[in-house]
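Below: the structure, in structure tokens.
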Amino acid sequence: MAATEQIKSLIKSFGDGDADRFFSSALQIAAAEAQKGHTTLAQELKALIDKAKQNHNQSFADRSRTIPILASQRDLKELLDVFQPKIKLKDMVLHADVREPLEKLIAEQKNWQLFQQYNLSPRRKLLLTGPPGCGKTMTAQALAGELGLPVFIVRLDGLVSKYMGESIAKLTMIFAAMNQHRGVYLFDEFDSIGSHRNTGHEVGEIKRVLNSFLINIEKDQSNSIIIAATNMPEVLDKALFRRFDDVIQYPLPTAEDIISIIKKHLQAFSILKKPNYSSIAQMAEGLNYSDIVRACEDAIKEMLMKGQTKIDIQDLIHGIAKRK
Ligand SMILES: Nc1ncnc2c1ncn2[C@@H]1O[C@H](COP(=O)(O)OP(=O)(O)O)[C@@H](O)[C@H]1O
Ligand SMILES: [Mg+2]
């Protein structure tokens, strides 16, 4: 029998709709059986998990394909990546200064009908700035997850380089789509059009796209959420900032955040020896959230490959050191 903790984690992750945790708990049960010498059962479990994972990914892909916008408009399909995220804000570790405006947006969005009676509109335009790997893209997904909306990711660098000369028409199409299909529209790597310092032969085109963006976002009356994200706010044109309801700055994780991220990611597993979290956090200082998540995943993989059932915290430390 697998340890009760693992079974509890399995059931809890299913209840939470957390597929990643569900599969990692299931793998852990398989690993435990392998370690007890129940090789056939372990292999059987592993095969079942692989199959379930495949089906899960497939049904996820099918669902995003049925979002109507992309089936009907081929041009848009090339500009937008669309999917229905399941993550929530609680899956993220965020500073109060970041969490508060996001919670406010969600609360206002949930009250839009009430606001409408008074001719008010809910917050829906955000500019997210900060270093890479701190959760800007993830936030767009979490907001969509909270509101039950699809997320549409616009790749702007592609827009400008691929559609030179046509990019304004394409941008207008994206804004038109916001009216037809309520969703969270993420203009990721926004600096590629929002910059006032662009040089080179594309500069004229980029300036025109930026102007067109400014005009479009100003007159937009849709029910969609518009999010622009950039690692380089200092290059953004000043005219942009006042077009957004909130400008949110994403900092690198503090020691406390680092500990929360590690605990969150390793919660489904037992740990070999009680870790000294504060010294690990000190070691990881300066890394972004993404690096820390990856280091946790490395430690889990090492455990699985060694056929063990407990995380060796040295593997985590090694993963952190490697990323410094
Ligand atoms: N605040 C956060 N809380 C939890 N996980 C995070 C956070 N920020 C980043 N991550 C992890 O790092 C990955 C990359 O983050 P991402 O949102 O793409 O960063 P950014 O867009 O700021 O560059 C995420 O998929 C997630 O696993
Ligand atoms: Mg990003």
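The values are calculated or read from the model by the stated rules, or taken from the named source; none is laboratory data. Only a predicted model underlies this, so the values are computations on that prediction, with no experimental measurement involved. Neighbour counts run over all protein chains shown; Cβ positions are idealised from the backbone, glycine included.
Figures for the structure shown
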{"quantity": "Filter result (of a type in the set (F, W, Y) and in contact with a Phe, Trp or Tyr (Cβ under 9 Å, 6 or more places away or on another chain)) within region 5-40", "calculated": "F14, F22"}
{"quantity": "Count - residues of region 140-154 that are within 13 Å of ligand 1 (Cβ to nearest atom) and within 14 Å of E189 (Cα to Cα)", "calculated": "2"}
{"quantity": "The listed residue being within 22 Å of the chain's Cα centre (by Cα) and at pLDDT below 85, out of L94, L105, L70, L89", "calculated": "L70"}
{"quantity": "Qualifying helices (runs of 4 or more DSSP H) (wholly inside region 211-324; at least 2 residues being at pLDDT 95 or above and aliphatic (A, V, I, L, M))", "calculated": "255-266, 277-284, 289-305, 313-323"}
{"quantity": "Hits in region 109-139 - residues which are among the charged types (D, E, K, R) and either under 16 Å from P251 (Cα atoms) or within 16 Å of ligand 1 (Cβ to nearest atom) (or both)", "calculated": "K136"}
{"quantity": "Tally of residues being among the aliphatic types (A, V, I, L, M) and either under 21 Å from the mean Cα position of the chain (by Cα) or not assigned by TED's automatic domain parsing to the domain that holds D188 (or both) across region 220-254", "calculated": "9"}
{"quantity": "Verdict on S224 being more than 14 Å from R243 (Cβ to Cβ) and either out of contact with any Pro (no Cβ under 6 Å at 6 or more places or on another chain) or within 16 Å of ligand 1 (Cβ to nearest atom) (or both)", "calculated": "yes"}
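The rows are residues; the columns are (1) over 22 Å from I87 (Cα atoms); (2) crowded, with 16+ Cβ neighbours inside 10 Å; (3) touching an Asp or Glu at 6+ places or on another chain (Cβ under 9 Å); (4) not acidic (D, E).
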position	(1), (2), (3), (4)
E218	yes, no, no, no
I227	no, yes, yes, yes
A239	yes, no, no, yes
I248	no, yes, yes, yes
P251	no, no, yes, yes
Q267	no, no, no, yes
S278	yes, no, no, yes
R294	no, yes, no, yes
